[in-house]
Structures are given as C-alpha cells and as structure tokens.
Amino acid sequence: MHPASDDPQTRTALAAHQVGALRWLGGGLIAVVLGILLGVAAVAVAGSGGGRLPGAGLGVALLVVGGLAGVAAGAGALLRTRRWERALAGTTWRTGRLRIAGPALLAFEPDGFDELSDEPVRLRLLSTAVWRTRAVQALDGGAVRAAPVGGDRWVLTADGAGTVYGAREVTRAR
C-alpha cells in the first residue's frame with residue numbers, strides 16, 4: 001500500500017489547509033502592523049498639538065490583540081499541517097462511512113464494519129468553525145477516508161472535499 005501522503009488529493013487538501021493557515025498568519029501580522037502604525041500616528045498627531053484622536057486607543061488595542069490571535073491561529077494551523085504531512089507519510093488511508101452523532105461528534109465505520117461485533121471509531125472535530133462543522137455534517141453516511149496521525153488524533157477527507165479535517169478520538173464513559 002502507498003502512504004496517504006502520495007495521494008494527489010491528499011497533497012491538494014493539505015496544501016489548501018496550509019494556505020488557510022498562511023492567510024490567518026498573514027492577516028494577523030498585517031493587523032498588528034496596522035495597530036502599531038495607528039498608535040504611532042495617534043501619538044504624532046497628539047504630540048504636534050492636533051489633539052487626541054477619538055477611538056484611536058481602542059482601535060490600536062483591537063488591531064493588536066486581534067492580530068496576535070490571528071498569528072497564533074495561523075501558526076497553530078501551520079504546525080498542525082506539518083504534523084499531518086509527516087504522519088500521513090507513514091500511514092495509509094482507511095476507507096469507510098462517516099456517521100454524524102452530534103454537532104461535532106462523528107463515528108467512522110471502516111470498510112468491512114459489522115454493527116453487531118465492531119465498534120466504530122468515535123471522533124470529535126478539532127475545529128469549532130461553523131462552516132467546517134457543517135461541511136463535515138454534510139458527509140453523513142458518505143464515503144470518507146480517515147487516517148490516524150498520532151496518539152488519539154485522526155485526519156478525515158472525502159472525494160471533492162478539497163481539504164482535510166482534524167479530529168480526536170473520544171472514549172466512551174462507562
């Protein structure tokens with residue numbers, strides 16, 4: 001069997017995930033720079049006798065804090081993409097059906113799954129973004145590919161999805 005990373009759709013999906021991460025990272029950096037420039041401009045205007053700029057302090061704070069959050073989200077997503085790339089180079093995709101058990105709760109039933117004797121792999125989406133959750137919910141009952149990527153972490157994708165979705169295994173409370 002070929003590693004999951006050799007699949008052209010996998011490479012495309014990981015590249016799409018990486019581009020999203022770079023957008024968050026770049027947008028966050030731009031917001032921080034704009035916040036700093038706004039702060040410098042407000043100080044220059046006030047120092048030249050032009051008075052205070054209303055709302056400049058709040059604008060600076062929002063831009064810098066929001067920008068730092070974007071940088072953190074983008075950097076985290078980039079690290080996750082790199083980790084997934086390495087993990088998928090050492091494993092193969094498992095095909096099966098995806099069942100939705102709740103808003104972010106999933107059950108992966110590998111091909112050959114027997115409801116009477118087998119337990120599905122119970123997963124929870126890592127993303128809390130509404131659009132990603134809805135995209136995965138639209139796969140209910142559909143054919144998907146899943147691969148473990150270390151510990152209790154899994155990656156899911158489907159034909160035509162154009163991206164990968166991260167999930168973690170959940171254990172049933174007894």
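The values are calculated or read from the model by the stated rules, or taken from the named source; none is laboratory data. Small disclaimer: the values here were computed from a predicted structure and weren't measured. Glycine gets a Cβ as well: all are built from the backbone with ideal geometry, and neighbour counts include every protein chain shown.
Quick one: Thr171 ticks every box in (1) surrounded by 13 or more Cβ atoms within 10 Å (Cβ to Cβ); (2) more than 17 Å from Leu14 (Cβ to Cβ) except a single one, so which number is it?
Going through the list (1) surrounded by 13 or more Cβ atoms within 10 Å (Cβ to Cβ); (2) more than 17 Å from Leu14 (Cβ to Cβ), Thr171 breaks only (1).
One residue is enough: does the range 122-131 have a residue meeting the conditions farther than 23 Å from Arg23 by Cβ, at pLDDT below 90 and not assigned by TED's automatic domain parsing to the domain that holds Gly39?
no
Criterion first (among the hydroxyl-bearing types (Ser, Thr, Tyr), touching a residue at least 24 places away in the same chain (Cβ under 8 Å) and under 18 Å from Arg132 (Cα atoms)) does Thr92 satisfy it?
The answer is no for Thr92.
Per-residue answers, yes or no, for (1) without any contact (Cβ under 8 Å) to a residue 24 or more places away in the chain; (2) among the basic types (Lys, Arg); (3) assigned to a helix (DSSP H, G or I):
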position: His2; (1), (2), (3): no, no, no
position: Leu25; (1), (2), (3): no, no, yes
position: Ala44; (1), (2), (3): yes, no, yes
position: Arg52; (1), (2), (3): yes, yes, no
position: Gly67; (1), (2), (3): no, no, yes
position: Leu79; (1), (2), (3): yes, no, yes
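Go through the range 81-103 residue by residue and tally those that are in a helix (DSSP H, G or I) and either surrounded by fewer than 17 Cβ atoms within 10 Å (Cβ to Cβ) or not hydrophobic (A, V, I, L, M, F, W, C) (or both).
Number satisfying all stated conditions: 5.
Quick one: Arg82 ticks every box in (1) of a type in the set (D, E, K, R); (2) farther than 24 Å from Pro3 by Cα; (3) in the same structural domain as Ala21 (by TED's automatic domain parsing) bar one, so which box is it?
The one condition Arg82 does not meet is (2).
Starting from the range 108-132, take each residue that is more than 14 Å from Gly166 (Cα to Cα) and list its partners that are hydroxyl-bearing (Ser, Thr, Tyr), counting only C-beta distances under 8 angstrom and pairs at least six apart or across chains.
Qualifying pairs under 8 Å: Pro110/Thr95; Asp111/Thr95.
Here is a list: Thr133, Thr128. Which entry is closer than 20 Å to Thr157 by Cβ and either among the small types (Gly, Ala, Ser) or surrounded by fewer than 11 Cβ atoms within 10 Å (Cβ to Cβ) (or both)?
Thr128
I'd like the residue in the range 104-124 that is hydrophobic (A, V, I, L, M, F, W, C) and under 18 Å from Arg94 (Cβ atoms) and, out of all such residues, is surrounded by the fewest Cβ atoms within 10 Å (Cβ to Cβ).
Filtering the range 104-124 for residues that are hydrophobic (A, V, I, L, M, F, W, C) and under 18 Å from Arg94 (Cβ atoms), the one surrounded by the fewest Cβ atoms within 10 Å (Cβ to Cβ) comes out as Phe113.
State which residue is farthest from Gly20 (Cα to Cα) when the search covers only the range 37-68 and only residues that are touching a helix residue (DSSP H, G or I) at 6+ places or on another chain (Cβ under 7 Å) and of a type in the set (A, V, I, L, M).
For the range 37-68, the residue satisfying everything is Leu53.
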